[in-house]
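The values are calculated or read from the model by the stated rules, or taken from the named source; none is laboratory data. If you're wondering where the values come from, they're calculated on a predicted model, not measured in any experiment. Every residue, glycine as well, gets a Cβ built from its backbone with ideal geometry; the counts of neighbours run over all protein chains shown.
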Amino acid sequence: MADQDFITRALSSLSQQMALANAAGGDGGSVADDKNSSLDKSIEAHAKSLVDDDTPKIDSAVKSYLSLVAARSVVASEIDVLSENVKSFDEQVKLNSMDMKSALTCARKLLNGINTTLIPKRNDKEDEKDDSDNETNDETHKMMDAATHIVWNRLVENKDMKPSKVLGRKSLIVAWPYIQESFRRGVDSNEECTDDASRNADALLRSYSTELLPAIAPPQGIEKDAWIAYYTEFGNLLNKACQNDENKQKDDEENEDDSKLLWSADKGVSELQRRQDRRTKRAEVLTQSSNDQAVESSMSTS
C-alpha cells in the first residue's frame, strides 16, 4: 500500500511536469491530446513496473555480490562459485576478492552511496549529446527516463523507503553513472587523479558541481585499489545483466556469467546449479579416465 501511494505521488509530480511542457508547446488539437494521453499511460505503466516487476531488488543483488566476493577468498568455495571463464572479462579489470569483513564493509558503503545519491537535473551538455543521438532522441524514451529520475529521487528523499529496497536493475542502470562518479570523487578528493577510473571518467559527469554530485568517501580500513575494484566490478556486472536483457540472451550452458548470480530472477540459483552440474560431469570424466588408465596398466602388467 505504501509503495502504491508513493508511485501515485511520483506520477502526479511527473504529470504536472508533462502538463507544463505541453502547455508551453501551444495548442496541438485533439490529435496531440490523444498522443499525450497515450504517452501518459506508457509512462505510468513504466513507473509502476519499476517497483512492481523489476526483480531482484538492488538490496538483494548487493548481498549476492557480497557473498560472491567473499567466496573468492575461500579456496573451498571455488567448486561452486567461481566462474571458469575469467578470460572473458576485460583484461584490465581483475576479479575482486576480499575477506568477508572487508566485503561487508564495502557492501555497506555501496548501499549507502546508492541510497543517498540524487540523480541531478540533466545539464546542457547531456542534452546536446542526446540531440545528436537518434536512438535516445525519442520522446517516449526521454519521458520514461524522466519518470525513473523522479521515482529514484523521491525514494532517496523518503525516510521510510529507499531505492535499494524498492527498485531493481532497470532503475539502478540509470542512476549508476552518477553513483560511480561520486565514488570516484571520494577516492580522488585528496589525491592526484592517476588511476584508470579517474583518467577514464566521463567528462559529462565531471562537469557536475560537487553540490549536485558530492564525493562519497571510501570505506574506512579498505585500500583505495580494493574499493575501486569492488564498485567497478559491481557496475560491470550490472551493465552485463542489462545487456543480456536487451539482447534477449538465453542461458549459455558453456559459458558462465557472474551477473546472473546477482540479477537473475531466481537470484542465481539456476546459474549455481549449472556450475555444480558442469563440475560434477567434469569430475566424472576425470574419474572414468583415471579408472581406464588403471585398467590398462593392470592388463599390461598381467
Within the range 224-256, can you find the residues that are outside any helix (DSSP H, G or I) and at pLDDT 95 or above? none
Give me the pairs: first residue in the range 175-195 and on the phi < 0 side of the Ramachandran plot, second residue modelled with pLDDT of 60 or more and aromatic (Phe, Trp, Tyr), beta-carbon distance under 8 Å, and six or more apart or on different chains, which are they? ALA175/TRP152; TYR178/TYR208; GLN180/TYR231; GLU181/TYR208; PHE183/TRP227; PHE183/TYR231; VAL187/TRP227
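Just to be sure before I move on: is SER60 at pLDDT 75 or above and surrounded by fewer than 19 Cβ atoms within 10 Å (Cβ to Cβ) in the structure I sent? Don't jump to the end; show me each part of the working.
Values: at pLDDT 75 or above: yes; surrounded by fewer than 19 Cβ atoms within 10 Å (Cβ to Cβ): yes.
Criteria met by SER60.
On the basis of being in a loop (DSSP other than H, G, I, E, B) and at pLDDT 70 or above, does THR105 make the cut? Even if it seems obvious, please write down each step before you answer.
Values: in a loop (DSSP other than H, G, I, E, B): no; at pLDDT 70 or above: yes.
No.
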Quickly run through the range 152-171 and pick out the residues that are modelled with pLDDT of 95 or more and not in a helix (DSSP H, G or I). LEU167, GLY168
State which residue pairs qualify: first residue under 30 Å from LYS162 (Cβ atoms) and among the acidic types (Asp, Glu) and inside the range 130-148, second residue at pLDDT below 55 and assigned to a loop (DSSP other than H, G, I, E, B) in any location, beta carbons under 9 Å apart, and separation of 6 or more residues or different chains. ASP130/THR136; ASP130/ASN137; ASP145/THR136
Check the range 172-184 and report whether any residue there is surrounded by 15 or more Cβ atoms within 10 Å (Cβ to Cβ), among the charged types (D, E, K, R) and modelled with pLDDT of 95 or more. yes
